[in-house]
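The structure appears right after this line, and notes come after that.
What follows draws every value from the coordinates through simple rules; no lab data is involved. Because the structure is predicted, anything quoted here is derived from the model rather than measured. No Cβ is skipped: glycine too gets one built from the backbone with ideal geometry, and neighbour counts run over all protein chains shown.
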């Protein structure tokens, strides 16, 4: 997420703050810069940063607030901090209610901070100077709220409202002092809105508009501040010229009439505040010097000595030699409008039937290609539609013994199972979901056809849950790995080695953990 800030009157020195979730740093840039520029300053390691997702700048008290998604904390720093500095204070602990915090906003008028927690569908509010294992001053949560994996948050102190993006598309609006299981004062949702996995949100109280970054369809949609229902955007920025690529963060600069967008795969793109359509950015910040970093889905084909990469940020599949090294070009690339790729996250290779399976988070689909396909090719088949139960699919595994595919759906913490050759708007042959399952933010999945089990990496509660291969419904796991001793730290990827009876887990916090 990216936040615009500007100093009080003297001197007017604007700066651009960027959180880098994969290398646990904050970078600060001159917002008028362009190209492959060095950050003005950057800090990280003693800092307590752990997959920082959201950032807010307080220019009144000269501090920055960071939401760390992997260790459920808020860390606060001096506005001009640089290097490997410790936070001036940290909010964390069981009392805080923080659960995979993604978005954060600071209210300097009422001295409060607002946090969007994707892990437990809540908004928690703290005093601006709170520290330690504190209880929130109030919490918005419950069935009436409409919160569903809330991601971005913005506070409007002029009209006393807060705006929240929910990963399953609605924008929900609440009174600034709302508390408990309250209904939104209004909701923006529906086919006309153009919302597609909205991530970042910014409120422009000068021009009475809200700006939304849609990670699912690479667009920026703009609405009237008081819009509700199935509202049509007043304008939309989208198209190949825009350079948008899974935009996650957005900030509005009303002084210079610009909007700044953080794209998940690296670049910062800048547009005029009233731009619309397939416009070229006024400038772009990108390149190795910026410190931007992101990791993608990966599958290894040991039969044909190749590796397959799902590029979440630019909707492509790139293929490399298994032993490639250095700044090499892919041997082939699948991309383009025909491919149907939309924020691909998970990928699996079937060397028996020479196919690759891709989980597309952006449009809730599974697309299948020939193993040697290249270019702007159409999938050989696609699973998508309301009957499929796909909901932000992140992980995928193929079982060539029993001819099935297993999908981990992050949004509703479920596992859906399909026939290997299924296509279209098909119902799953089995679904694992419900309170008994222990599933919580399902990211990675692996199938063990030797012992007839499936292993699931749960990001939100730092656990590995194990089920029988044919399990379905609200079943309890046959085994669970969790707790402080495990070393699990935001598990996202998982692989099973049936020869040596081990499982390997990739943790977003920066480690690989191996278990029996």
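A few remarks follow.
- Spin-label model, residue 374 to residue 512: label points 7 Å out along the Cα-to-beta-carbon direction sit 2.9 nm apart.
- Three-way shape call for segment 205-256 based on the alpha-carbon gyration tensor, with the a/c threshold at 1.5: oblate
- Just so you know, the averaged projected area of the alpha carbon convex hull for segment 297-515 sits at 11.5 nm².
- FRET efficiency estimate (nearest 0.05) - Cβ-Cβ, residue 111 to residue 159, R0 22 angstrom: 0.75
- FRET efficiency, 1/(1 + (r/R0)^6) with R0 25 Å, evaluated for residue 472 and residue 351 via beta carbons: 0.35
- Surface/4 estimate of mean projected area, convex hull on alpha-carbon atoms of segment 359-417, nm²: 4.5
- When the P(r) of segment 369-461 is calculated, the portion above 22 Å amounts to 30% of the C-alpha pairs.
- With a simple spin-label model that places each label point 7 Å from the Cα along the Cα-to-Cβ direction, the separation between residue 59 and residue 504 comes to 4.8 nm.
- Ordering of 175-182, 466-473, 404-411 by packing [mean C-beta count within 10 Å, highest first]: 404-411, 466-473, 175-182
- Translational diffusion of segment 128-271 was estimated from the Stokes-Einstein equation, with Rh taken as the Kirkwood radius over Cα pairs; at 20 °C and 1.002 mPa s the coefficient is 137 µm²/s.
- Mean Cβ neighbour count within 10 Å, used as a protection proxy, ranking 420-428, 237-245, 497-505 highest first: 237-245, 420-428, 497-505
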